[in-house]
Each structure stands twice: as structure tokens, then as C-alpha cells.
């Protein structure tokens with residue numbers, strides 16, 4: 001991780017979202033969001049294959065917070081500012097401290113699709129990565145069949161960089177799948193902000 005990572009704030013905002021590191025006590029909100037979205041999430045995420053209980057979700061939230069405190073990762077929860085409802089999850093994951101580069105992953109709670117919330121979140125996290133975390137590169141990878149995730153990456157200004165064939169297994173079936181990569185460099189980001 002970059003040395004500046006220790007100074008990263010644990011929360012920031014976009015127009016409609018509070019984006020912050022999950023904290024102890026958030027397990028109930030995560031439990032509810034994942035349970036409501038389980039059928040859709042299990043197609044893409046290994047962690048969503050089985051429903052877990054409230055205690056397991058709270059433990060996960062506490063582990064996320066510890067990883068943030070230890071500068072190992074920056075998991076993020078997405079809350080509507082207006083209501084405080086947890087509408088999804090994301091993360092700014094450290095990938096190469098020498099560059100530095102980060103990966104953004106994301107999921108959205110069922111019932112909140114089609115409102116532009118994930119595009120807004122990814123744009124805000126991208127801005128945070130370049131402006132606060134000192135990133136020189138940020139990327140998104142997604143399953144070739146995850147059309148919504150691809151659309152989010154493109155709407156957020158990421159460039160399609162390529163396909164890694166048979167590079168991972170599908171979360172639900174275990175079949176081999178291709179992963180698509182979308183990237184943004186610091187120069188891409190700076191050019192985009194001058195428009």
C-alpha cells in the first residue's frame with residue numbers, strides 16, 4: 001500500500017450517498033441488504049452462495065473495519081444520505097503499492113437498480129482514489145456475462161482494456177468464465193476532469 005494510505009478518511013460523500021468503511025454494529029444492515037439481494041448476488045459473488053446469519057455478517061463487518069484500521073484494505077458500504085438505508089457495497093482494494101493501483105468492486109441492493117446509484121458511487125470512489133489515495137491506476141474487473149457491471153464501468157469513464165479468457169470460475173456454477181477489465185489511469189482521470 002502507499003504510505004499515504006494511513007491518512008485516508010473512513011468516509012466521503014457523493015451527491016446522494018454516504019460512502020464509508022463498515023463499522024461494528026453495521027452487521028444488521030448488511031444482513032438485511034444481502035438477504036434481500038441474495039438471488040441476484042449469488043450469480044456473481046462466491047461470498048453470496050449461501051445465506052449467513054446475523055452473527056456472521058457482524059463478524060464480517062468487524063473484520064472489514066480491522067482491515068481498514070490495519071491499512072490492508074478499504075471495504076466500503078453505500079448509504080443513501082436521505083434515509084440512511086444501506087443500498088450496496090464496494091471497496092477500494094489495494095493491488096500494487098509501487099504504482100499505486102487499486103481495484104474497485106461493487107454490488108447493489110435489490111430494488112435500487114436503475115437509479116444511477118452505482119455509477120455515482122463508482123465515480124465518487126474513483127475521484128477519492130485519485131484525489132485522496134494517490135492512485136496512478138484504478139481498474140474494475142467483471143464477469144463477461146455481467147452486463148450491468150460493464151455498463152457501470154463505462155458510464156464512470158473507464159476504458160475497456162481486455163479480456164482474460166477462462167481466468168475465473170463462475171460463482172454459482174463453477175464453470176470457467178472470462179473476466180473483462182476496465183481501467184483508468186491518472187492521465188485519463190485528469191483529462192476527464194477538464195471537460
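The values are calculated or read from the model by the stated rules, or taken from the named source; none is laboratory data. Because the structure is predicted, anything quoted here is derived from the model rather than measured. Positions of Cβ are backbone-derived with ideal geometry, glycine not excepted, and every protein chain shown enters the neighbour counts.
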Exercise. If you take the residues of the stretch 40-51 that are in contact (Cβ under 8 Å) with a residue 12 or more places away in the chain and over 29 Å from residue 133 (Cβ atoms), which of them is farthest from the chain's Cα centre (by Cα)?
Worked result: 51
Exercise. Of all residues in the stretch 74-84 being surrounded by fewer than 22 Cβ atoms within 10 Å (Cβ to Cβ) and within 17 Å of the chain's Cα centre (by Cα), which is nearest to residue 8 (Cα to Cα)?
Worked result: 75
For this session: Check off (1) part of a loop (DSSP other than H, G, I, E, B); (2) at pLDDT 95 or above for residue 99 and give me the number that stays unchecked.
Result: (2)
Problem set entry | Members of the stretch 61-73 that are in a helix (DSSP H, G or I), surrounded by fewer than 19 Cβ atoms within 10 Å (Cβ to Cβ), in contact (Cβ under 8 Å) with a residue 12 or more places away in the chain and within 17 Å of the chain's Cα centre (by Cα) | 65
For this session: May I ask you to list pairs of residues, at least six apart or on different chains, whose Cβ atoms are under 9 Å apart, with the first in the stretch 12-34 being at positive phi and without any contact (Cβ under 8 Å) to a residue 40 or more places away in the chain and the second being surrounded by 19 or more Cβ atoms within 10 Å (Cβ to Cβ) and in a helix (DSSP H, G or I)?
Result: 25/61
Problem set entry | Selection status of residue 90, in contact with a helix residue (DSSP H, G or I) (Cβ under 8 Å, 6 or more places away or on another chain), in a strand (DSSP E or B) and farther than 17 Å from residue 32 by Cβ | yes
Exercise. On the given criteria, is residue 146 modelled with pLDDT of 95 or more and closer than 22 Å to residue 42 by Cα?
Worked result: yes
For this session: Among the residues of the stretch 108-120, count how many are in contact with a helix residue (DSSP H, G or I) (Cβ under 8 Å, 6 or more places away or on another chain), surrounded by fewer than 22 Cβ atoms within 10 Å (Cβ to Cβ) and closer than 30 Å to residue 97 by Cβ.
Result: 1
Problem set entry | Criterion (in contact with a strand residue (DSSP E or B) (Cβ under 9 Å, 6 or more places away or on another chain) and assigned to a strand (DSSP E or B)) met by exactly one of 145, 178, 188 | 178
Exercise. Taking the stretch 1-55 only, how many residues are under 30 Å from residue 98 (Cα atoms), at pLDDT 90 or above and not in a loop (DSSP other than H, G, I, E, B)?
Worked result: 6
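Matching residues to (1) crowded, with 21+ Cβ neighbours inside 10 Å; (2) in a strand (DSSP E or B); (3) over 16 Å from the mean Cα position of the chain (by Cα):
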residue: 122; (1), (2), (3): yes, no, no
residue: 134; (1), (2), (3): no, no, yes
residue: 150; (1), (2), (3): no, no, no
residue: 157; (1), (2), (3): no, no, no
residue: 161; (1), (2), (3): no, yes, yes
residue: 164; (1), (2), (3): no, yes, yes
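Of the residues 20, 57, only one is over 23 Å from residue 181 (Cβ atoms) and either exposed (fewer than 15 other Cβ atoms within 10 Å of the Cβ) or under 13 Å from the mean Cα position of the chain (by Cα) (or both); which?
That would be 20, the only listed residue that is over 23 Å from residue 181 (Cβ atoms) and either exposed (fewer than 15 other Cβ atoms within 10 Å of the Cβ) or under 13 Å from the mean Cα position of the chain (by Cα) (or both).
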